[in-house]
Amino acid sequence: MPIANQREAEDLIYRSYLRAAPHLPSAGDERVRKPQLTRRLLDLLGAPDRGRRFVLVTGSKGKGSTSRLVSSLLSRLGYKVGLFTSPHLVDYRERIRIDGRAIGEADFVRVAQRIEPAWAEVERGLDAATYQGPVGVSLAIAVSWFAEQGTDINVVECGRGGRYDDANVLANESAVVTAIMEEHVRELGPGLGDIVRHKLGIVKSADSRLYVGAQREDALDAIKKALAAAENSAIGHDRAETESANGDMLAAMDTTIAHNGASCRCERISIAGEAFAAEHVAMSARGTTFDVRTERALYRGLALPLLGAFQADNAAIAVQVCEDIAGTALDPGTVATCFAGLQWPGRCEIVSREPLTIVDGAIHRDSAAYLASVVSSLGLGAGARVAAVVGVPKDKDYAGVIKTLASVASRILVTRPDVSHLAFPEDALDVARRYCPDGSAAYPLLADALEALRAGPVPDCILIVGTQTLIGNAQRLYGQGLEDIGGVNKLSSVLGLFCSWLSQSILGYNRGT
């Protein structure tokens, strides 16, 4: 039967994976992932990605925020920008946006209907343990919609890796790599160098530009070694090799995937701390303030309503990428306005100031430790009352999150979202009482926990921490809309692009003095 509604469209996205899941080996991405199937699906659809512009973003931390920053700034500059990210908070359609607005339900269903026959043709040739990745199927929906709507450029967030991600079948002109650390070791590892190789795999052409965000020293060393090793080998394939005479990319994809090298040789590389940087970073209860320095300009006094020094680093990458796409320094007022009004729900985000309320999707102790450090840097005072509302599933590091947040919170309330298919731990309250014996309690739903906090004494700061469904629940409770996070006035965007050109060509620009 043809797809009739959004639920059935989402079922199509996951159908192939769910069929194969019982047969999948416990192995790395190079054995399990088959991005060439996504390439075949796109080709059967008429290759809607051909001739279109793409920016790919990967990394271990901050790739979603960076994707959002790049797309938002490009929209402010007057471009029509597609954005593909994951995961979503409330509605699957949040993953696919143009100028901040999610794809409509009717369009989502209609494009899925168009894709299903091609999906079925690919599916017929697969064995039990081979599947079309959910990201690849949803990417086909996104790219088809972007082409239909005539976007100027599209920003695409990769999944956990890069080299074997479904998104890597796109011929991207820019490759952005945010902070890399040890994560998904089973799929990408075992070592940091292996993870770097996966991430750098999104560089597929010597003509593309690579942007490397702020890194740990060991990660930056590994990146530079990988780039040096690739300098004389031109690993991978350029666009001429990628697009064979009949438009079929499968053979080239197979060649690239089989190669064990570091990355394609790339002649245009911009590295944080060298070509661009975030400077004078400070955090307060209102967000993060910073300057951005590039080779073209110095942008002073920028501010984001997101918390975290790494957000300033992500903003610096975004400015550099957008400068290069625009071919000029940017109007500082346009950059400042864009960042000040930016929405990126659930990522160390301030959703209320009375009291200060921060939501973050931390589900393991390392992310919780970063959130705790952010809270400590806000200058709330030694006697500040901080309450943490925690809803982490039982298959995640809920004990580590609770223990870590207890270092900054005097009350810990364990709860769960109003709607979720996940299982939550029965012993979460026991864990909370172990680290916060006098201020711990359990509530059946997030709304109940927040109501208890409002009953008093009201905390100076509330942290809402946990799985994406909990964060989505919080967004609804605080009246945060997720359908349209763009807020872009196209007239002002065109004027911003003009002002960028004017400031470079006529008025001159402060080049770092």
Taking each pair of different alpha-carbon atoms in segment 426-473 once, compute 1/r for the pair, average those values, and report the inverse of that mean as the Kirkwood hydrodynamic radius in Å to one decimal.
-> 12.0 Å
What Rg and what Dmax come out for segment 309-375 when only alpha-carbon atoms are used, in angstroms?
-> 14.9, 43
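As an exercise, find the ratio Rg/Rh for the chain from alpha-carbon atoms, using the Kirkwood inverse-distance average for Rh.
0.96
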Stretch Ile350-Ala285 to full length: gain in nm at 0.36 nm per residue minus the Cα-Cα span?
-> 22.6 nm
Under the classification rounded if a/c is under 1.5, otherwise prolate if a/b is larger than b/c and oblate if not, where does segment 349-477 fall, given a ≥ b ≥ c as square roots of the Cα gyration tensor eigenvalues?
-> rounded
Net charge contributed by nearby residues that have their C-beta within less than 13 Å of Gln320 (K/R +1, D/E -1) | -1
Packing-based order for 354-362, 44-52, using average beta carbon neighbours within 10 Å, highest first = 354-362, 44-52
Using the Kirkwood formula over every pair of different C-alpha atoms, what hydrodynamic radius in Å results for segment 276-344?
-> 11.7 Å
Distance between modelled label sites at Glu183 and Ser407, nm, 7 Å Cα→Cβ extension = 1.9 nm
Theoretical FRET efficiency, 1/(1+(r/R0)^6), r = Cβ-Cβ of Ala340 and Ser376, R0 41 Å, to 0.05 = 0.95
Report, ordered by chain and residue number, the lysines lying within cross-link reach of Lys61, taken as a straight Cα distance under 18 Å and ignoring same-chain residues fewer than 8 apart.
-> Lys199, Lys396
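Arrange the peptides 157-164, 112-119 so that the one whose residues have, on average, the most other Cβ atoms within 10 Å appears first.
Put in order of decreasing packing, that is 157-164, 112-119.
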Which three lengths, in whole Å and largest first, does segment 6-271 cover when its Cα atoms are put on their principal axes?
-> 47, 46, 39
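Since every read-out is calculated from the coordinates, none of them should be taken as a lab result. Given the structure is predicted, the values throughout are model-derived calculations rather than measurements. For neighbour counting, all protein chains shown are included, and Cβ atoms are generated from backbone atoms with ideal geometry for every residue, glycine included.
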